[in-house]
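The values are calculated or read from the model by the stated rules, or taken from the named source; none is laboratory data. Quick caveat, the model's predicted, so the values are computed rather than measured. Positions of Cβ are backbone-derived with ideal geometry, glycine not excepted, and every protein chain shown enters the neighbour counts. Please note that ligands, DNA and RNA were not included when accessible areas were found on the heavy atoms of the full protein model with its side chains. Shrake-Rupley method; radii C 1.70, N 1.55, O 1.52, S 1.80 Å.
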Amino acid sequence: MRAPSKKYEKKKSPRTTPPVVLVRLNPLVALETQPDGSIAAHVEGYSEPLGTFSAAAAERALELQTGLPLPRSEGDAVEREVERLMRQLARRGLLEYRLARTGDANDLVTIEPQTPDYWPRTPKLDDAATVVLSRFAYLRRRGTEMILESPRAGALLRIHDARIAALLTILATPQKISRIRRLDGYPGPALLALLLDCQILIEVDAAQRDTLRKAEGDDGLVLWDFHDLLFHARSTEGRQANPLGGLYPHTGLIAPLPAIRPAWPGKRIKLPESDRIASPLEQLLHDRHSTRDFDNHKPITLAELSTFLNNVARVRAKWSGQLEFADDGPDIEYTSRPYPAAGSAYELELYLAVANCDGLTPGFYHYDADAHALAAIDVRPQHFEAMLQSAGFAMDAPSPPQILITIAARFGRISWKYSAIAYALILKDVGVLIQTLYLVATDLGLGGCAIGTANIDLFAKMTGLDIHVEGPVGQFGLGRGMEPPPAG
Ligand SMILES: Cc1cc2nc3c(=O)[nH]c(=O)nc-3n(C[C@H](O)[C@H](O)[C@H](O)COP(=O)(O)O)c2cc1C
């Protein structure tokens, strides 16, 4: 065999070395090391202690400003220490990740974690595998950057190189990895591996080309429309890192709208005032208000909770019927309950985080609306506490509610029938149910408060249910309200 001549020997230039993943501090974060080895992260005036580290690890951690390679499993003691520091930072959302060629200051892609558990993984690619873009992935402009994201992904990607956008276009059709490797502007295996890990790319059988929707996941996922899953993941907590809630983001830019709509011009007909005695319903509507402060010396009792659940959500009747417009369609089961529901689907389930109820052991329960029973669900104490604490925080209350009701939707119950409007119908059903919870609580002399946010990731961890199968779409704090202070 002839040795290759010098002329043909490939010398690797920085432009041809494949890009690697580097771990970098979020630009808003600075690390401070104390003489005793303790390291803290400073973020916008806050300081987060991260533990104590050796001088060598603290020295290496300085490189987190520009980027350190992902730790290797065979790394030395210092590398393992730096990994511990990185994991501490990752859990607090203080890291981002660069995909860049070694020695190149420009990122091809910057990865922004969206969930506290996100850690970039670059599994080895199989040349024979076929991959395609997820139908939930999308590119959009954010500020002056191009973002690639998906409601299924634990991270979003800022794309800095137009050739990657071009590659994504090609990936709208299933492609073999071996073919992608030969494409012009191929960005190296790390990006493909990251995208697969994030479920922005999915692996399919070459034979599944025509059934990509089915190939992407289980039946629960097949039933979701793109905009519905995006709306669900982006309007709840747990699967995104965007600021959320009453943050008044447009103060200073746009004046607040008046509470009462400016009157239409033209003829007005003044309506007569009613002078009849208020009916019980009128009185109930009049008395209903939100209660955020609960009397923990006189908690709600099990008997009151039972009456409450019976009146708001218990199954009143069951029947089944054939699919409309199809003689050979499947039989569909229906129920009737105290509140109205789109298509009589009754997709909403009640889960109770019971903190303080006389006669009921604290814990997490599902309300079986058919059997009128509570089924205990084993959950980790820290998850249970986190759920109650965040409800207390959302209500700006001195303590969590005595019972936190999570309204969860069995999404497929609605989306099996309704295209494009499924998630909107679910939220409308939640509104109807919330008013029912308020009115029944008021009627029983109890107090309650709707809560606008819920953490879908936390609920998934507590129940083991995938976020696209069943998950929170509303919450309601319930209990016995504090007596108002005596007048005068
Ligand atoms: C959909 C919905 C979400 C709400 N979210 C919250 C919340 O997160 N925190 C809170 O303290 N109150 C929340 N509320 C309660 C409202 O603040 C309250 O209904 C409103 O201020 C009117 O007061 P009232 O209920 O006492 O009449 C919510 C109410 C609704 C209907």
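Worth a mention:
- Subset of region 291-326 [small (Gly, Ala, Ser) and either more than 33 Å from the chain's Cα centre (by Cα) or within 16 Å of the ligand (Cβ to nearest atom) (or both)]: 303, 317, 320, 321, 326
- Set 467, 405: member being assigned to a strand (DSSP E or B) and at pLDDT 95 or above: 405
- Residue that is at positive phi, more than 16 Å from the ligand (Cβ to nearest atom) and either out of contact with any His (no Cβ under 8 Å at 6 or more places or on another chain) or among the β-branched types (Val, Ile, Thr) (or both), where the choices are 343, 329: 343
- Residues of region 412-443 satisfying the condition of being away from the ligand (no atom under 11 Å from the Cβ), buried (at least 19 other Cβ atoms within 10 Å of the Cβ) and β-branched (Val, Ile, Thr): 414, 426, 440
- Filter result for residue 452 (within 11 Å of the ligand (Cβ to nearest atom) and at pLDDT 95 or above): yes
- Residue that is most open to solvent (accessible area, probe 1.4 Å) [pool: residues in region 258-290 that are within 16 Å of the ligand (Cβ to nearest atom) and part of a loop (DSSP other than H, G, I, E, B)]: 260
- Filtering region 156-168 to residues that are open to solvent by 60 Å² or more (accessible area, probe 1.4 Å) and out of contact with any strand residue (DSSP E or B) (no Cβ under 9 Å at 6 or more places or on another chain) leaves only 163.
The rows are residues; the columns are (1) outside the structural domain of residue 428 (by TED's automatic domain parsing); (2) open to solvent by less than 60 Å² (accessible area, probe 1.4 Å); (3) in contact with a Pro (Cβ under 7 Å, 6 or more places away or on another chain).
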{"site": "299", "(1), (2), (3)": "no, yes, no"}
{"site": "306", "(1), (2), (3)": "no, yes, no"}
{"site": "312", "(1), (2), (3)": "no, yes, yes"}
{"site": "322", "(1), (2), (3)": "no, no, no"}
{"site": "326", "(1), (2), (3)": "no, yes, no"}
{"site": "347", "(1), (2), (3)": "no, yes, no"}
{"site": "354", "(1), (2), (3)": "no, yes, yes"}
{"site": "377", "(1), (2), (3)": "no, yes, no"}
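- Filtered residue count, region 466-488, keeping only those that are touching a residue at least 40 places away in the same chain (Cβ under 8 Å) and either over 14 Å from residue 294 (Cα atoms) or open to solvent by less than 30 Å² (accessible area, probe 1.4 Å) (or both): 15
- Here the strands (runs of 3 or more DSSP E) wholly within region 314-357 that include at least 1 residues being within 21 Å of residue 468 (Cα to Cα) are 348-354.
- Cβ pairs under 7 Å, 6+ apart, first in region 374-395 and assigned to a loop (DSSP other than H, G, I, E, B) and modelled with pLDDT of 95 or more, second within 16 Å of the ligand (Cβ to nearest atom) and open to solvent by 50 Å² or more (accessible area, probe 1.4 Å): 395/292
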